[in-house]
Amino acid sequence: MKLASLRDGSRDGRLVVVSRDLKLCMPAAVATLQLALDRWDEVELLLLQQSDRVNSSSAAGFAPFDPAACLSPLPRAYQWLDGSAYVNHVELVRKARGAEMPASFWTDPLMYQGGSDAFLAPRQHIPLGDAAWGADFEAEIAVVTGDVALGASVVAARGCVRLLMLVNDVSLRNLIPNELAKGFGFLQSKPSSAFSPVAVTPDELGPAWDGGRLHGPLLTQLNGQAFGRPDAGVDMTFDFPTLIAHAARTRPLAAGTIVGSGTVSNRDADGGPGRPIAEGGLGYSCLAELRTVETLRGGKAQTPFLKAGDRVRIEMLDAQGSSIFGAIDQTVAEPGHRE
């Protein structure tokens, strides 16, 4: 099934069940997605029945679904834990700031806890107080968990995945080096993220979901031009159950915890860091990777970070070419713009 949270004047929106083709929706049996996750064992069947109804041949009379009316599926969450499962991305970004990559990064996942109290809507402007901060997009996959027990194994974590979404994890690249130099992690350099209009249960994804990884190109456009199309199921060093178990090693995770994959990144066929789409490559899921490749090739980055008016679109299509999650489609706001 597919679920979305529509604006209704409240912080958490009104949960709706959305048709597979993203054309129709109906009010869900529970008011919010967090409430559904808290009561998943008792409401899942009701929601599945509603999904069958909105997908039926007699679905006339249901409301049209408008992605522009959506908040992020979870407009706020108890936890937003972002991993860095694509080690190719980690290696490239660290090169950009002159940092070596420890060998342990290939065996022990990186993860940080981001701000989760005010996610951006999928069509909301990206606020940017100062262009000198170096704003960047990061196209990712995320899962939403049920309750995860303290010390859960990877096998147990596999059964805790309730939903999948797409992410634009906004990063302020020029603030990151000084923050990390303090040895205490990201804060100001990681503003609010945005998630896809729709969250999807694993069964809805068919063979694209193998229980740990979501397979298929993650499509990113910048200002209407194709920027990246790496396959999310390729070069993912740590799958989602591994990331969940890593997070739960010393604490339980509450239902509604969001775990991100980190920026989706593929190596080139020759093992190199990847080529732009214009050169026949798979492109990139963030500006930082392209800028690193430009630096490695020519001595300096050529592509600027985001500026006011730039538009970022992130989407994934199924085998028939239909949007699975709906698109994150955001424009960078002018300084001082408020929504």
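The values are calculated or read from the model by the stated rules, or taken from the named source; none is laboratory data. Keep in mind that what you see is a predicted model, and the values were worked out from it rather than measured. Cβ coordinates were reconstructed from backbone atoms using ideal geometry, including for glycine residues, and neighbour counts include every protein chain displayed. The protein model used for the area step is the full one, side chains on, heavy atoms only, and it has no ligands, DNA or RNA in it. Shrake-Rupley method; radii C 1.70, N 1.55, O 1.52, S 1.80 Å.
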Rg over Rh, two decimals, region 126-221 (C-alpha only, Kirkwood Rh) | 1.05
Taking amide H positions as placed in the peptide plane 1.01 Å from N, state which residues far from Leu163 in sequence (5 or more) or on other chains have amide H under 5 Å from it.
-> Val144
At Asp203 and Gln302, where each label point lies 7 Å from the Cα along Cα→Cβ, what is the point-to-point distance in nanometres?
-> 5.0
Mind listing the long-range amide H neighbours of Ala63? Cut-off is under 5 Å, sequence gap 5 or more, other chains count too, H placed in the peptide plane at 1.01 Å from N.
-> Cys25
Please report the Cα spread of region 208-274 along all three principal axes, rounded to whole Å, starting with the longest.
-> 41, 29, 21
Quick one: helix 287-298 against the long Cα principal axis of the chain, what's the angle to the nearest 10°, folded into 0 to 90?
-> 20
Rg(Cα)/(2.2 N^0.38 Å) for region 231-339, N = residue count | 1.34
Describe numerically, in nm with one decimal, the distance between label points set 7 Å from Cα along Cα→Cβ at Leu187 and at Arg311.
-> 3.7
Mind giving me the FRET efficiency for Asp130 and Asp268? R0 is 30 Å, r the Cβ-Cβ distance, nearest 0.05 is fine.
-> 0.30
For the chain, the accessible surface attributable to carbon and sulfur atoms (probe 1.4 angstrom, ligands and nucleic acids excluded) amounts in percent to 52
Given unit charges at Cβ for Lys, Arg (+) and Asp, Glu (-), the dipole magnitude of region 49-144 about its Cα centre in debye, nearest 20, is 160
What percent does the relative contact order of the chain come to when contacts are Cα pairs within less than 8 Å and at least six residues apart?
-> 22
How much accessible area per residue does region 74-196 have, in Å², with a 1.4 Å probe?
-> 42
Per residue of the chain, what 222 nm ellipticity follows from adding -39500 (n - 2.57) for every DSSP H run with n ≥ 4, rounded to the nearest 500?
-> -5000 deg cm²/dmol
In nm, what is the difference between 0.36 nm times the number of residues separating Arg11 and His337 and their Cα-Cα distance?
-> 115.3 nm
Report the paramagnetic label zone for His215: residues of region 272-307 whose backbone N is under 16 Å from a point 7 Å from Cα along the Cα-to-Cβ axis.
-> none
Amide H neighbours of Gln79 under 5 Å, at least 5 residues apart or on other chains, H built in the peptide plane: list them.
-> Ile258
Across region 40-47, in residue order, what do the Karplus-derived ³J(HN,Hα) couplings come to in whole Hz, using 6.51 cos²θ - 1.76 cosθ + 1.60 with θ = phi - 60° and x for Gly and Pro?
-> 3, 4, 8, 10, 4, 5, 4, 5
Fraction of antiparallel bridges per DSSP, the chain only, in percent to nearest 5 = 90
Computed label-point distance, nm, for sites Thr107 and Ala31 using a 7 Å Cα→Cβ extension = 5.0
Cα-centre dipole for region 281-339 with unit charges at Cβ (Lys and Arg positive, Asp and Glu negative), debye to 20 = 300
Along region 24-31, what does the Karplus equation 6.51 cos²θ - 1.76 cosθ + 1.60 (θ = phi - 60°) give for ³J(HN,Hα), rounded to whole Hz, x for Gly and Pro?
-> 10, 8, 9, x, 6, 5, 10, 6
Could you list the trypsin sites (Lys or Arg not before Pro) in region 178-278 that lie in coil according to DSSP, counting only those with at most 11 other Cβ atoms within 10 Å of their Cβ?
-> Lys182, Arg249
